[in-house]
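Peer 1: Here it is, the structure in full.
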There are 2 protein chains.
Amino acid sequence: MMVSNKVCENGGEHVGLLPATDDDHGGVIVDIEEAMDAKVFVTLLRDSISKWRQQGKKGIWIKLPIGLVNLVEPTVKEGFRYHHAEPTYLMLVRWIPETTDTIPANASHRVGIGAIVLNDKRELLVVQEKSGKLKGMGVWKIPTGVVDEGENINEAAVREVKEETGIDAKFLEILAFRQSHKLFFQKSDLFFICMMHPLSSDIKKQDLEIEAAQWMPFEEYAAQPVAQDHQLYKYIAELCLAKEQGEYTGLSPVPITSIFHKDLSYLYLNSQHLNQSPVSSDQS
Amino acid sequence: MMVSNKVCENGGEHVGLLPATDDDHGGVIVDIEEAMDAKVFVTLLRDSISKWRQQGKKGIWIKLPIGLVNLVEPTVKEGFRYHHAEPTYLMLVRWIPETTDTIPANASHRVGIGAIVLNDKRELLVVQEKSGKLKGMGVWKIPTGVVDEGENINEAAVREVKEETGIDAKFLEILAFRQSHKLFFQKSDLFFICMMHPLSSDIKKQDLEIEAAQWMPFEEYAAQPVAQDHQLYKYIAELCLAKEQGEYTGLSPVPITSIFHKDLSYLYLNSQHLNQSPVSSDQS
């Protein structure tokens with residue numbers, strides 16, 4: 001059992017406390033990994049909260065792996081609420097001071113990509129899906145997919161095109177994005193329309209989700225009746241055409257670093273326009 | 001108790017089933033709202049799963065309000081895993097067919113905004129925050145905030161500027177955005193840099209999170225030492241300058257509708273360039 005036994009500062013008595021690490025916002029994170037009896041847990045939790053309150057801690061986070069589901073009900077009964085969950089764990093939180101709760105919100109958006117892959121013959125890479133609202137309607141659409149947690153948008157676009165159609169493609173830029181709400185339970189959704197250049201031509205479709213895949217003349221894609229009912233289809237065709245004609249600039253990724261964060265991030269910007277105006281700290 | 005009693009199709013015997021509605025992907029969603037004994041629940045759940053299996057259902061979703069926390073452990077013991085959670089409920093899911101699980105991922109990204117509010121005197125609206133990694137370092141930064149679930153990015157930018165500084169501002173366009181990973185637990189993060197035009201000038205700062213707020217000459221902002229260590233600061237200054245000089249185009253929101261979704265969405269695109277090339281279905 002991962003319990004630290006410490007001398008209690010204000011009494012000299014030995015008490016057990018839950019293992020916890022400080023966060024950057026005056027709170028603590030409890031990460032329990034091994035099985036624990038619910039009654040033992042509640043005793044430790046109460047003693048720990050009393051200690052954290054003395055220390056002026058604010059948000060108390062408890063991460064429970066799904067194997068410790070027996071501790072969920074006791075934690076809620078001690079005043080915690082759900083914060084977020086992933087397949088393998090549930091995160092609960094409680095704000096212990098008298099001040100206003102500033103617990104940050106959970107992840108709120110799913111992120112998806114749509115890939116415009118246009119070849120030199122002005123053919124667009126399109127698919128028909130096996131499920132979803134357009135199933136069985138004969139609608140050809142660009143490959144789409146969900147950006148995984150921790151995955152870069154540009155890499156997700158390359159991966160989805162490869163998975164669904166077998167085509168290797170190079171990411172060029174983001175032409176546009178759509179924000180929608182309540183598409184998936186109550187969550188919001190960001191859908192990035194990516195311009196890609198194909199590096200191969202032989203289609204090998206994925207069977208699980210894709211009914212059919214082909215290279216389709218651009219004008220046939222744009223002329224589909226669905227484009228009349230569904231503005232996003234019309235815009236995808238317009239964006240593709242504007243980009244092909246060389247008039248349109250979207251946002252392209254530039255790697256950036258920060259002293260506060262070791263992982264590389266990408267900043268998507270209009271690089272064609274930004275490079276014209278460098279700024280330095282001595283500029284007036 | 002919200003239990004539907006139906007005649008069991010293959011036996012003629014009366015059995016209780018959990019209340020469920022079909023989703024768009026061949027699954028069902030169970031939404032239990034009233035208190036239920038855990039043993040009764042397990043019996044109903046087992047009978048229901050057996051029925052759904054006969055019907056060829058795929059993903060089974062169970063939404064449990066936090067008041068029904070007593071049903072979490074029994075649900076997990078029946079083979080369900082966590083999918084997502086919000087303060088007031090936990091969503092669990094189980095894939096019942098033999099085929100490959102295609103349960104969609106949970107929301108993966110937090111979405112934030114940073115607001116560049118530049119006035120006619122070339123002063124930038126800046127704040128110092130009371131918490132976070134820059135606390136107490138004397139760094140002036142643009143107002144930032146989290147986009148709520150269900151909130152439009154452009155509206156979030158207006159709200160955050162008003163909340164933190166009391167300034168009314170008009171949203172102009174998104175100049176760039178950053179995608180980062182693992183900033184908040186394991187979640188990813190999208191940060192949209194928004195260009196805004198101020199509609200008022202008297203600052204009235206919010207006390208809870210903001211230490212100080214002011215209008216700062218642009219060059220002073222750009223000359224802060226933090227801009228040397230933290231590339232995002234440098235880019236924010238460059239983007240602001242490029243936009244002010246009229247060379248830069250970002251993405252601006254256009255409302256779009258869909259026959260599949262009643263709520264309005266926004267498509268953010270480079271409207272300056274797209275309008276030059278309309279496409280219609282009869283274009284060759």
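The values are calculated or read from the model by the stated rules, or taken from the named source; none is laboratory data. Because the structure is predicted, anything quoted here is derived from the model rather than measured. Quick reminder, even Gly has a Cβ in these numbers, built from the backbone with ideal geometry, and neighbours come from all protein chains shown. In case anyone asks, the SASA skips ligands and DNA or RNA and just uses the protein heavy atoms, side chains included. Shrake-Rupley method; radii C 1.70, N 1.55, O 1.52, S 1.80 Å.
Peer 1: Can you give the accessible area of A:HIS83, probe radius 1.4 Å, in Å² rounded to 10?
Peer 2: Using a 1.4 Å probe on the heavy atoms, I get roughly 10 Å².
Peer 1: Against the longest principal axis of chain A, how steep is helix A:153-165, in degrees 0 to 90 to the nearest 10, with axes from Cα atoms?
Peer 2: Its long axis makes an angle of about 60 degrees.
Peer 1: Here's another thing I want to ask about it. Heavy atoms of the protein only, probe of 1.4 Å, neighbouring chains included. What is the accessible area of B:SER265 in Å², nearest 10?
Peer 2: Counting only protein heavy atoms, B:SER265 exposes about 10 Å² to solvent.
Peer 1: Follow-up. Would you please give the FRET efficiency between A:GLU209 and A:SER50, computed as 1/(1 + (r/R0)^6) with r the Cβ-Cβ distance and R0 = 60 Å, to the nearest 0.05?
Peer 2: Efficiency computed from Cβ-Cβ geometry: 0.70.
Peer 1: Keeping all protein chains in place, calculate the accessible area per residue for the protein assembly as shown (probe 1.4 angstrom), answer in Å².
Peer 2: The answer is 44 Å² per residue.
Peer 1: With both bridge residues required to lie in chain B, what share of the DSSP beta bridges run antiparallel, to the nearest 5%? Before the final figure, lay out each step's value.
Peer 2: Values: 50 of 63 bridges.
Looking only at bridges with both residues in chain B, the antiparallel portion is about 80 percent.
Peer 1: Separate question: Given points 7 Å out from each Cα along the Cα-Cβ axis, report the B:ALA105 to B:SER271 separation in nanometres with one decimal.
Peer 2: Each label point lies 7 Å from its Cα, and together they span 3.2 nm.
Peer 1: Using Cα springs under 10 Å in a Gaussian network model of chain B, which residue among B:PHE177, B:PHE218, B:PHE80 shows the largest mean-square fluctuation?
Peer 2: Looking only at B:PHE177, B:PHE218, B:PHE80, the largest GNM fluctuation is found for B:PHE80.
Peer 1: If you average 1/r over every pair of different alpha-carbon atoms in the range B:109-249 and take one over that average, what Kirkwood value in Å do you get?
Peer 2: Numbers: mean 1/r = 0.0658 Å⁻¹.
15.2 Å is the Kirkwood radius here.
Peer 1: Per the Cauchy relation, a quarter of the hull surface: what is the mean projected area of the convex hull of the alpha carbons in the protein assembly as shown, in nm²?
Peer 2: Taking the Cα atoms of the protein assembly as shown, their convex hull projects to 29.6 nm² on average.
Peer 1: Put a dot 7 Å past each Cα toward the Cβ at B:GLN228 and A:ASP263; how far apart are the dots in nm?
Peer 2: The two pseudo-label positions are separated by 2.9 nm.
Peer 1: Compute the helix-to-body angle for A:231-244: its Cα long axis versus the longest principal axis of chain A, expressed 0 to 90° and rounded to tens.
Peer 2: Rounded to the nearest ten degrees, it is 60.
Peer 1: Right, another one. Could you compute the FRET efficiency for B:ASP22 and A:GLU247, with r as their C-beta to C-beta distance and R0 at 45 Å, rounded to 0.05?
Peer 2: The pair B:ASP22/A:GLU247 has a calculated efficiency of 0.50.
Peer 1: What do the square roots of 5 times the Cα gyration tensor eigenvalues come to for chain A, in whole Å, largest first, as semi-axes of the equivalent ellipsoid?
Peer 2: After diagonalising the Cα gyration tensor, the semi-axes are 50, 25, 16 Å.
Peer 1: Could you work out which residue, out of A:ASN70, A:ASN270, A:ASN106, moves most in a Gaussian network model of chain A, that is, has the largest mean-square fluctuation with Cα springs under 10 Å?
Peer 2: Sorting by GNM fluctuation, first place goes to A:ASN70.
Peer 1: Then there is this: When only C-alpha pairs under 8 Å and at least 6 residues apart count, what is the relative contact order of the range B:4-95, in percent?
Peer 2: 25 percent
Peer 1: Nearest 500 deg cm²/dmol is fine: what mean residue ellipticity at 222 nm does the protein assembly as shown get from its DSSP H runs of n ≥ 4 alone, each adding -39,500 (n - 2.57), divided by its residue count?
Peer 2: Only helices count here, giving -6500 deg cm²/dmol.
Peer 1: Still on this structure, please answer the following. How long are the three semi-axes of the equivalent ellipsoid of the range B:4-95, in whole Å, if each is the root of 5 times an eigenvalue of the C-alpha gyration tensor, listed from largest down? Before the final figure, lay out each step's value.
Peer 2: Values: eigenvalues 92, 49, 24 Å².
After scaling each eigenvalue by five and taking roots: 21, 16, 11 Å.
Peer 1: Pull out the extension gain between A:GLU219 and A:GLU78, defined as 0.36 nm times the separation in residues minus the alpha carbon to alpha carbon distance; nm, one decimal.
Peer 2: The A:GLU219-A:GLU78 span can extend by a further 44.6 nm.
Peer 1: Most fluctuating residue of B:GLU160, B:GLU98, B:GLU209 in a GNM of chain B with Cα springs under 10 Å: which is it?
Peer 2: Taking springs between Cα atoms under 10 Å, the residue moving most is B:GLU98.
Peer 1: Would you mind giving the total buried accessible surface between chains A and B, with a 1.4 Å probe and ligands, DNA and RNA left out, rounded to the nearest 100 Å²?
Peer 2: Numbers: alone 17380 and 17360 Å², together 25100 Å².
Approximately 9600 Å² gets buried when A meets B.
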